[in-house]
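The next block holds one structure in the form of structure tokens; read it before the comments.
FYI, it's all coordinate maths here, none of it is from the lab. Everything numeric in this text was worked out from a predicted model, so none of it was measured. All Cβ positions, even for glycine, are placed from backbone atoms using ideal geometry, and neighbour counts span all protein chains on display.
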Amino acid sequence: MASQLLGCLNPEGTKFAPDEFSKFREAFLKSGQPSVDAFLERRPEFLDVGKLAIAFCLMPFEKEENLYYPNPSRGGDWYEYLSVKLNSSFEEFGQNRLSIITFNYDRSLEQYLLNSLINLHGKTRDECAEALAQIPIVHVYGQLGERPCPQQGSQMYRPDQMEIPKHVETAAAGIKLYHEEAEEASIGARELPSRAKRICFLGFSYNQFNVSRLKLGRSKLDLSTTIIGTTRGLKGMEIDDAKGRLAEALGGDINLSPEVGFADNLDILREHMFLG
């Protein structure tokens, strides 16, 4: 994300002058922070410009073809695996016992599942959006666009939206950085794990602030709740530290697998038959 943002140009036609984007870029480049969230927490004067830059950098990746030809270095084609496991009639789709918490702004999973429902069952977009809404998907820090995808009136899933300034501004309006209050999403992020018997972390960095968003009250999960997770990019004591954070926040029986290859998201789901 940092390298993408630093290569970001000024979205022409926005209310900010080009030099404001230049100042943001220069300050972020020299801040020594790999995370734009951490940078903007300390430099709130760049908050609005920073959100526009984030949206402007992410919007080009909202290409439907990317959903079906995934980059093999990004965790395997686990979207397809998930879709296959959500095997039910259209009328019973909402009975699948799955809840999703994401700390990302993108809506790729919602778009994939929506397309899957439309093309597998031959239903209308509105019918499929209503069915998909029965599966809780919580964006802890918001998402691109003011309305949740794929609700009626939500931001279109098209990369050319970035060419229209008002669409960039609408996309940025849905973003909440981790130091901002997003109480409703935080409540959802705590309630869903409290009812779960199996929890799987995919591509999660176990950042202390993010883990705290999931923290339960005094009533922690007992050892009958299985918690597994990928550890891409973590080494040795970092994995132990991640386990400690999860234990403090959630409790439960925690098993963080060492990195098993580029397809680690897919591999861990298959290895543990997590959705079997």
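Quick rundown of the values:
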item	result
Low-density loop cleavage sites - GluC sites (Glu not before Pro) in the stretch 141-196, where at most 10 other Cβ are within 10 Å (DSSP)	Glu181
Proxy reagent accessibility, fewest Cβ within 10 Å first, across Glu41, Glu92	Glu92, Glu41
Computed over the stretch 196-271: relative contact order in percent, which uses C-alpha pairs under 8 Å that are six or more apart	37 percent
MRE, 222 nm, helices only [DSSP H, n ≥ 4, -39500 (n - 2.57), over the chain, to nearest 500]	-12000 deg cm²/dmol
Unit Cα scatterers, Debye sum, the chain: log10 I(q)/I(0) for q = 0.10, 0.16, 0.17 Å⁻¹	-0.56, -1.44, -1.57
Simple spin-label estimate for Leu98 and Arg158 in nanometres, 7 Å along Cα-Cβ	2.8 nm
Debye, to nearest 20: dipole size of the chain, +1 on Lys, Arg Cβ, -1 on Asp, Glu Cβ	560 debye
Sites Ser257 and Lys166, calculated FRET efficiency, Cβ-Cβ separation with R0 51 Å, nearest 0.05	0.70
Cβ-based exposure ranking for Lys235, Lys123, in which fewest neighbours within 10 Å come first	Lys235, Lys123
Theoretical FRET efficiency, 1/(1+(r/R0)^6), r = Cβ-Cβ of Lys85 and Lys30, R0 51 Å, to 0.05	0.65
Total lysine pairs under 26 Å (Cα atoms) in the chain, excluding pairs fewer than 8 apart on one chain	28
Net length gained if the chain between Ile118 and Ala247 were fully extended (0.36 nm per residue, minus Cα distance)	42.5 nm
Longest to shortest principal axis, alpha-carbon extents of the stretch 64-173, angstrom	41, 33, 27
Compactness relative to 2.2 N^0.38 Å, alpha carbon Rg of the stretch 196-271	1.05
